[in-house]
Amino acid sequence: MTQLDQTVRGFLQSLNSNAATPGGGSASALIGAVAAALCGMVGRLNDKRDGAPGPLHDTLGKADRLLARLGELIDEDAAAFDALAASWKLPDDSPENTAAKESAAIAATQSPLEIMEQAVAVMRLAASGLERSKKNCLSDAGVAGLMAHAALEGARLNVAINLPGIKDAVTRYSLRTRSGALRDEATALRKRIDALIDASYG
């Protein structure tokens, strides 16, 4: 059974245990998935009662794809960390083991990096919702934006903690640079989201 197939209570109990996974990366993916689902809700509530497309109808497919992918990343991040932890037990006695450790470290960094990428995309949808939604859905769009930003920042910490384990300097630099660029974009989006929220509720 995947983490996503658990009850909410079951997933929280797993997080609350002494097991290493699911951990912060999976939690970040879940938060991002919730934010994506809220974007989907906002889009659907803006459709017309007769079924005609509303002003956010074009966002529905994007929201659904983000929800699905972030749901998958809950398990993928946990699996990547489990593989990394297993690689730590390999002796440094062969090129094969060294390569396996490097591969596991890279995979464990790429997973939260993708969570960051997906979370930024959710933030864009949330901002669009705040700009185009009818009034009674604005708070939901705002919550989506704030949660997606939290998901990004949480995933960023998981990127940061894994980067030192990557020995190849070029790969490490590339991953760090991508993480920084995503955070910069998220910071700008957060300012936009905050301004839109303040304009509605300030």
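Read the figures in this text as sums done on the coordinates, not as results from a lab. Please read all numbers here as calculations on a predicted model, not as lab measurements. Note that each Cβ is placed from the backbone with ideal geometry, even for glycine, and that neighbours are counted across all protein chains shown.
Tabulated data for the structure shown
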quantity: Computed over region 107-202, the ratio Rg/Rh where both radii use C-alpha atoms and Rh is Kirkwood; calculated: 1.10
quantity: Pairwise FRET efficiency - residue 72 versus residue 103, Cβ, R0 = 30 Å, nearest 0.05; calculated: 0.90
quantity: Proxy reagent accessibility, fewest Cβ within 10 Å first, across 182, 152; calculated: 182, 152
quantity: Mean Kyte hydropathy of -1.0 or more with a Cα span along the axis of at least 20 Å, helices from DSSP in the chain; calculated: 24-45, 60-88, 95-132, 138-162, 169-201
quantity: Where trypsin sites (Lys or Arg not before Pro) fall in DSSP loop in region 51-124, at most 10 other Cβ within 10 Å; calculated: 89
quantity: Computed label-point distance, nm, for sites residue 168 and residue 143 using a 7 Å Cα→Cβ extension; calculated: 4.3 nm
quantity: Gyration tensor verdict on region 30-108 (Cα atoms; rounded if a/c is under 1.5, prolate if a/b is larger than b/c, oblate otherwise); calculated: prolate
quantity: Computed FRET value (nearest 0.05) for residue 9 with residue 64, which takes r as the C-beta separation and R₀ as 30 Å; calculated: 0.75
quantity: Only Lys, Arg (+1) and Asp, Glu (-1) charged, at Cβ; region 57-202 dipole about Cα centre in debye; calculated: 620 debye
quantity: Rel. contact order, % - alpha carbon contacts under 8 angstrom, at least six apart, region 20-201; calculated: 29 percent
quantity: Spin-label pair residue 79/residue 52, simplified geometry with 7 Å Cα→Cβ offset, distance in nm; calculated: 4.6 nm
quantity: Distance from region 118-179 to region 24-98 (C-alpha centre basis), Å; calculated: 11 Å
quantity: Inter-probe distance in nm under a simple model that places probes 7 Å from Cα toward Cβ, at residue 195 and residue 161; calculated: 3.5 nm
quantity: Residues residue 89 and residue 150, FRET efficiency given R0 of 35 Å [Cβ-Cβ distance, rounded to 0.05]; calculated: 0.60
quantity: Leading residue at positive end of dipole, region 20-201 (Cβ point charges), from 21, 115, 100; calculated: 115
